[in-house]
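*Asks:* Starting off with a structure, shown below.
The values are calculated or read from the model by the stated rules, or taken from the named source; none is laboratory data. A quick note: this is a predicted structure, and the numbers were derived from the prediction, not measured. Heads up, the Cβs are rebuilt from the backbone with ideal geometry, glycines too, and the neighbour counts pull from every protein chain shown. For accessibility, only protein heavy atoms count, side chains too; no ligands or nucleic acids. Shrake-Rupley method; radii C 1.70, N 1.55, O 1.52, S 1.80 Å.
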Amino acid sequence: MRFKVPDSMLNVWLAALMAGVLFVDRFRFEPRLIIAACAAAAMVCLLVTWRRKNLTAWLVGAVIFFAVGGLRFFSADSLPPDDVSKFAGQQIFLTGTVREEPQSKILPNGMTQVRFVVDAKAIKINGAWQKISGGLILTHYPTDGDALPDVRIGDKISAGGKVKLLHNYNNPGQIDTVTRMKANAITARMSAGKQGISVEAVDGNLWTKFLRTVAAVRQHYRAAMSSVMSSEDAAAIFAMLFGGYAGLNPELVEDFATTGIIHILSVSGAHMSLLAVATAILCGMLKFPRAVTFAIGVFVIGSYAFLSGLLPQVMRSATMGALVFFARTLDAEAEGARLLTLTALAMLLNQPLLLFDVSFQLSFTSTAGLMYLSEDLRGRMERLPKFFSEAAAMTLSATLASLPVVVWYFNRISLSSVLANAFVMPFLEVVIVGGLLGGIIAALVPIAGKIFFALMALTFGAGAELNRLFARLPFSSVQVPTLGLAAGLAYYAALILRRPIILLALAILFAVNVLRVGGDVEVSFVDVGQGDCAVVVTPHGKCMIFDTGGVRENVFDVGGRVVVPYLKHENIRAVEKIFLTHVHEDHAGGTGSVIKNFPVGEVITAGEGRAQYAAVFGIAQEHLPPMHAAQAGEVFDVDGVRVEVLFAPTVGSGNELSNVYRISYGAASFLITGDMVSDMEAEILRAGVNVQSTVLKVAHHGSKTSSSENFLRAVNPRCSVICVGYGNSFGHPRAEILERLKNLPTKIFRTDRDGLIKFRTDGTNLNVETYLKAP
């Protein structure tokens, strides 16, 4: 007798598996405790439901999958003792094998950066060699006159340097890149030392040779495109064909994000479905049976996945695209939905860390929307033109299903996505299919290939220009409040049960979040790495920022990629004032991105001058908001929150010019000290300034040049916050400064260990919570 597990039961088991992963991630239970607890729960379920076999299968199956999810997470999250990350903080000489194509780019400072993904094989430490495992990111900066290394997949590479752990910017809504890397067996990073890298060519096995051939084919495409079109167009079309953001125009990327078609710039399920549909149209013209059409479509999807490098995210996209193609081609939406559940179960059983990967979350929810919602939406739009209703139904179904994920990470909804999918995507789909054909034509008849790629460039230009027009429409994209876990679950319940009343309640909740009326003052010290940033939100939702972080290693825009996303996550829509302690990049460098993304009422600065700040912001002086150099004794009031300028030096340079601000609300106060040095601390005390405060932002990231004993005793803080970068090269915070703080005594918080540190106060009571919970 055959027993078929109902689809609803499979969905419950999938939910139980996910719950087990999340539970163990949150509470870090030992495997034996998980097994014991779940065994007890399974026995209880058996005793209660032993006469109702169907219910027993539901409950016991859910408990088993919960336990399996927890155990698989524990296993995947644990690293072997010889993993390269175990040597973090140590100076080593490493040899390994190049896993992927090297990625090269020119940095804003003119330097060249080459990035390798390396499977570590052995290290030399303290003069002795030992075998190791695991993957790491190796970064190399060739010096002037050095030729770029000729490195292929599978070659042996060696370099010396200090091993560092991967580290997130630990703030709410930030994408978890560490877990994403870990799911791909990458656990550490290292910059090659002054001696650079050495490469030894390796012949490689059959698989390695195949990957090199695929890489050579991609380079053929890049070279063929670059010969007939601008570098920006070539980068964009290459990204659409094979993924990767190298060389893309930031304005183009922002426009695509605004209209909700950013996924087209990386290999996604939509690419796979597009190629399969093109195959289906051709097969339909040739009168092939559906089963043959499906088989050919799967072959095309598989071939494209190989050509795109068989990266994990490509394989997930190929799987999701094949499922959608299966459902559409064979009119088997129900079986397609079942296969989606089974595929998700298999993926998470194999690698449970995928659950924390935003690309997996978006792929799964979008595909589920296409499976469960698109047909119903298409039926409701039957009176509209078919080309529009088809695009609208697919866009809305994917958008509705992925909405909580999109809102959590990006805090915006594209209202122009239907227009972009209906009118822009046809241009881009022609470019994708035509671009792949163009590479074949260029290999056979080079001159014909150039003509073909020139036509693709014109087609892409037309689509990009139309998309730019849609992106500039009023309300093309709207900022929305963050949807928490409970609200997200309620939203999916409403979607599954088709209960509009729940959606209405959530809309009201959104409105309450937008129209914040009364509440505590929040002071959040944002994790911006080796820099400072504090965000103050007043009782009625007005925002002030004290320092804005900067640009890391001349590459990573902390303002645009950390501070701005956090502000959007907190539903900030305008910034009343930005208070900068001084012009140094790790304190002021993120201001330009804030100004570009939010209305800013005023920028309060130190005395370095408007021109210096404009250069650090990366904004022409005529486009700056009102700016004002702070004067000692000035007081600002924003919604009942008082900001005093306690110190504003006019003589000196660098850290000596750091302003000192005190934020007060009722009896609670926060002292913002920038990079103030001990000589300036002594000057403040000699002037008789009262610096006593509830919370101290420790000066200069805990450097020994600041935080004198006399100054710390004068402040006498209940809590002290050190804004400091994880594994920074300066040795911050210094041991002697930590010792002084402990002797006050004061409770010490650090952004490198605690992530974001948020204080809430009603003017009397003070509560604090950290993004990273204490173990």
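*Asks:* Over what distance in Å are the Cα centres of the range 349-366 and the range 754-775 separated?
*Replies:* 30
*Asks:* Radius of gyration and Dmax for the range 585-702's Cα atoms, expressed in Å?
*Replies:* Here Rg and the maximum Cα pair distance are 14.7, 42 Å.
*Asks:* Could you put LEU71, LEU415, LEU265 in order of accessible surface area, largest first, with the 1.4 Å probe and the full protein assembly present?
*Replies:* Working: LEU71 55, LEU415 105, LEU265 0 Å².
From most exposed to least exposed: LEU415, LEU71, LEU265.
*Asks:* Kindly write out, for the range 476-481 in residue order, the coupling ³J(HN,Hα) from the Karplus curve 6.51 cos²θ - 1.76 cosθ + 1.60 (θ = phi - 60°), rounded to whole Hz, with x marking Gly and Pro.
*Replies:* For the range 476-481, the Karplus curve yields 4, 9, 10, 7, 10, x Hz.
*Asks:* Of PHE711, MET680, GLN692, which is farthest towards the positive pole of the range 680-748's charge dipole, taken about the Cα centre with +1 and -1 on the beta-carbons of Lys, Arg and Asp, Glu respectively?
*Replies:* GLN692
*Asks:* Any idea how far apart ASN710 and ALA682 come out in nm if each label point goes 7 Å out from Cα toward Cβ?
*Replies:* 0.7
*Asks:* Using 7 Å Cα-to-Cβ label points, what is the LYS131/ALA36 separation (nm, one decimal)?
*Replies:* 3.6
*Asks:* To continue, here is another question. With every protein chain left in place, what is the accessible area per residue of the chain in square angstrom, probe 1.4 Å?
*Replies:* On the way: 35700 Å² over 775 residues.
On a per-residue basis, 46 Å².
*Asks:* Would you grab the residues whose amide H sits under 5 Å from the one on PHE579? Only those 5+ places off in sequence or on another chain, please, with H modelled 1.01 Å from N.
*Replies:* Those qualifying (amide H under 5 Å, at least 5 residues apart or on another chain) are ILE545, PHE546, ASP547, ILE604.
*Asks:* I would also like to ask the following. On C-alpha positions alone, give me the angle between the axis of helix 446-471 and the longest principal axis of the chain, in degrees, nearest 10.
*Replies:* On a 0 to 90 degree scale, this one is about 60.
*Asks:* Working from Cα positions, state the angle (0 to 90°, nearest 10) between the long axis of helix 7-27 and the longest principal axis of the chain.
*Replies:* 30
*Asks:* Right, something else. Reported to two decimal places, what Rg/Rh ratio describes the range 360-432 when computed on Cα atoms with Rh from the Kirkwood expression?
*Replies:* Details: Rg = 12.6 Å, Rh = 12.8 Å.
Taking Rh as the inverse mean 1/r over Cα pairs, Rg/Rh reads 0.98.
*Asks:* R0 = 35 Å: FRET efficiency of VAL689 with ALA611, Cβ-based, nearest 0.05?
*Replies:* On the way: r = 30 Å, r/R0 = 0.85.
So the FRET efficiency works out to roughly 0.70.
*Asks:* May I ask for the Kirkwood hydrodynamic radius of the range 664-715, worked out over all distinct Cα pairs and given in angstroms to one decimal?
*Replies:* On the way: mean 1/r = 0.0894 Å⁻¹.
Roughly 11.2 Å, rounded to one decimal.
*Asks:* Quick one: accessible surface of GLU465, probe radius 1.4 Å, all protein chains present, in square angstrom to the nearest 10.
*Replies:* That residue has around 100 Å² of solvent-accessible surface.
*Asks:* I need the peptides 128-137, 196-205, 567-576 ranked by packing, meaning the mean over residues of other C-beta atoms within 10 angstrom, with the highest value on top. Don't skip to the end; give the middle numbers.
*Replies:* Values: 128-137: 16.8, 196-205: 13.4, 567-576: 19.1.
For the peptides 128-137, 196-205, 567-576, the packing ranking is 567-576, 128-137, 196-205.
*Asks:* Here's another thing I want to ask about it. Figure the gain on full extension for LEU437 and ALA667 (residue separation times 0.36 nm, minus the Cα-Cα span) and round it to one decimal in nm. The partial results should precede the final answer.
*Replies:* Values: separation 230, 0.36 × 230 = 82.80 nm, distance 6.96 nm.
Working it through step by step, the gained length comes to 75.8 nm.
*Asks:* About the Cα centre of the chain, what is the dipole size in debye to 20, counting +1 per Lys and Arg Cβ and -1 per Asp and Glu Cβ, all else neutral? Show your work: numbers first, answer last.
*Replies:* Numbers: 68 positive and 61 negative charges, 516 e Å.
The calculated dipole for the chain is roughly 2480 debye.
*Asks:* Based on the Cβ-Cβ distance from PHE299 to LEU455, what FRET efficiency comes out when R0 is 22 Å, to the nearest 0.05? Don't skip to the end; give the middle numbers.
*Replies:* Details: r = 27 Å, r/R0 = 1.23.
E(calc), rounded to 0.05, equals 0.25.
*Asks:* Go through the range 660-673 residue by residue and turn each phi into a ³J(HN,Hα) via Karplus (6.51, -1.76, 1.60, θ = phi - 60°); whole Hz please, and just put x for glycine and proline.
*Replies:* My calculation for the range 660-673 gives 10, 10, 10, 9, 10, 9, x, 8, 8, 9, 9, 9, 9, 10 Hz in order.
*Asks:* Run the dipole for the range 674-775 about the Cα centre, Lys and Arg Cβ at +1, Asp and Glu Cβ at -1, nothing else charged, and hand back the magnitude in debye, nearest 20. Provide the component values of the computation, followed by the final result.
*Replies:* On the way: 14 positive and 11 negative charges, 65 e Å.
Taking the Cα centre of the range 674-775 as origin, the dipole is about 320 debye.
*Asks:* Now for a different question. Distance between Cα centroids, the range 398-463 to the range 689-728: provide it in whole Å.
*Replies:* Taking the Cα centre of the range 689-728 as reference, the centre of the range 398-463 is 52 Å away.
*Asks:* Can I ask one more? Ordering ARG212, ARG713 from largest to smallest accessible area (1.4 angstrom probe), what's the sequence?
*Replies:* Working: ARG212 35, ARG713 140 Å².
So the residues, ranked largest to smallest area, are ARG713, ARG212.
*Asks:* Which angle from 0 to 90°, rounded to the nearest 10, does the C-alpha axis of helix 290-307 make with the longest principal axis of the chain?
*Replies:* 40
*Asks:* Hey, another quick one. Roughly how compact is the range 541-622, stated as its Cα Rg over 2.2 N^0.38 Å to two decimals?
*Replies:* Working: Rg = 11.7 Å, N = 82, 2.2 N^0.38 = 11.7 Å.
Computed over Cα atoms of the range 541-622, the ratio equals 0.99.
*Asks:* Please sort 476-487, 717-728 by packing, taking for each peptide the average over its residues of neighbouring beta carbons within 10 angstrom, highest first.
*Replies:* Working: 476-487: 16.2, 717-728: 21.5.
So the peptides 476-487, 717-728, ranked by packing, come out 717-728, 476-487.
*Asks:* Okay, next question. Under 14 Å from the Cβ of LEU355, count the other residues' Cβ atoms, weight Lys and Arg +1, Asp and Glu -1, and hand me the total.
*Replies:* Working: positive: ARG26, ARG72, ARG180, LYS182, ARG316; negative: ASP25, ASP77, ASP176, ASP357.
Spelling it out: positives minus negatives among the neighbours equals +1.
*Asks:* I'd like to know which of ALA37, LEU248, LEU340 lies farthest towards the positive end of the charge dipole of the chain, counting +1 on Cβ of Lys and Arg and -1 on Cβ of Asp and Glu.
*Replies:* Toward the positive end, the furthest listed residue is ALA37.
*Asks:* Quick one: pull the percent of accessible area on the range 637-738 belonging to carbon and sulfur, 1.4 Å probe, ligands and nucleic acids left out.
*Replies:* On the way: 1780 of 3810 Å².
Carbon and sulfur: 47 percent of the exposed surface of the range 637-738.
*Asks:* Also, I was wondering about something else. Taking the Cα centre of the range 169-220 as origin and charging only Cβ (+1 Lys, Arg; -1 Asp, Glu), how large is the dipole, in debye to the nearest 20?
*Replies:* Working: 7 positive and 3 negative charges, 17 e Å.
Using only the charged Cβ atoms, the result is roughly 80 debye.
*Asks:* Now for a separate question. Considering amide H positions built from the backbone, and no H for Pro or chain starts, which residues 5 or more places from LEU696, or on another chain, come under 5 Å of its amide H?
*Replies:* LEU671, CYS719, SER720, VAL721
*Asks:* Sticking with the crude label model, points 7 Å out along Cα→Cβ, report the distance from ALA122 to GLU585 in nm, one decimal please.
*Replies:* A separation of 3.9 nm, rounded to one decimal place.
*Asks:* Of all beta bridges DSSP finds with both residues in the range 616-769, what is the antiparallel percent, to the nearest 5? List each step's numbers first, then the result.
*Replies:* Values: 18 of 28 bridges.
Antiparallel bridges make up about 65 percent of those DSSP assigns within the range 616-769.
*Asks:* Related question: Could you check what % of the DSSP bridge pairs in the range 107-251 are antiparallel, to the nearest 5? Show your work: numbers first, answer last.
*Replies:* On the way: 16 of 21 bridges.
For the range 107-251, the DSSP antiparallel bridge percentage is about 75.
*Asks:* If you stretched the chain out fully between ALA632 and ASP376, how much longer would it get, using 0.36 nm times the residue separation minus the C-alpha to C-alpha distance? Please list the in-between numbers first.
*Replies:* On the way: separation 256, 0.36 × 256 = 92.16 nm, distance 6.50 nm.
Taking ALA632 through ASP376 to full extension adds about 85.7 nm, to one decimal.
*Asks:* Cut-off 17 Å, label point 7 angstrom out along Cα-to-Cβ of ASN249: give me the residues of the range 466-486 whose amide nitrogen falls inside.
*Replies:* Once the point is set 7 Å along Cα→Cβ of ASN249, 466-473 turn out to lie under 17 Å by backbone N, inside the range 466-486.
*Asks:* Please list 521-527, 392-398, 543-549 highest first by mean number of surrounding beta-carbon atoms within 10 Å per residue.
*Replies:* Numbers: 521-527: 25.9, 392-398: 22.7, 543-549: 28.6.
Highest mean packing first, the order is 543-549, 521-527, 392-398.
*Asks:* A follow-up question, please. If I stretch the segment between LYS747 and LEU772 completely, what's the gain in nm (0.36 nm per residue apart, minus their alpha carbon distance), one decimal? Write down the numbers at each step before the final one.
*Replies:* Numbers: separation 25, 0.36 × 25 = 9.00 nm, distance 1.61 nm.
Taking 0.36 nm per residue and subtracting the Cα distance, the gain is 7.4 nm.
*Asks:* Put +1 on the Cβ of each Lys and Arg and -1 on the Cβ of each Asp and Glu in the chain; which of PHE294, ASN126, ALA611 then has its Cα farthest toward the positive end of the dipole?
*Replies:* PHE294
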